[in-house]
């Protein structure tokens, strides 16, 4: 049976990648230790949620 919610994971991945990209851009323009920690945390969250057991 077709589920109307099967593409939500795909949209969540795209939104999280956009957030990571914006945070990376902000960190490259104005380096700040807090921003670096936030960026590393977002990358770890992305791989924990969507990586296959890295």
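A short reminder: the numbers here are calculations on the coordinates, not readings from a lab. Because the structure is predicted, anything quoted here is derived from the model rather than measured. Every residue, glycine among them, receives a Cβ derived from its backbone with ideal geometry; neighbour counts consider all protein chains shown.
Take 13-19, 39-45 and order them by the average number of nearby Cβ atoms within 10 Å per residue, most first; the result is 39-45, 13-19. Stretched out straight at 0.36 nm per residue, the stretch from residue 20 to residue 43 would grow longer than its current Cα-Cα span by 7.6 nm.
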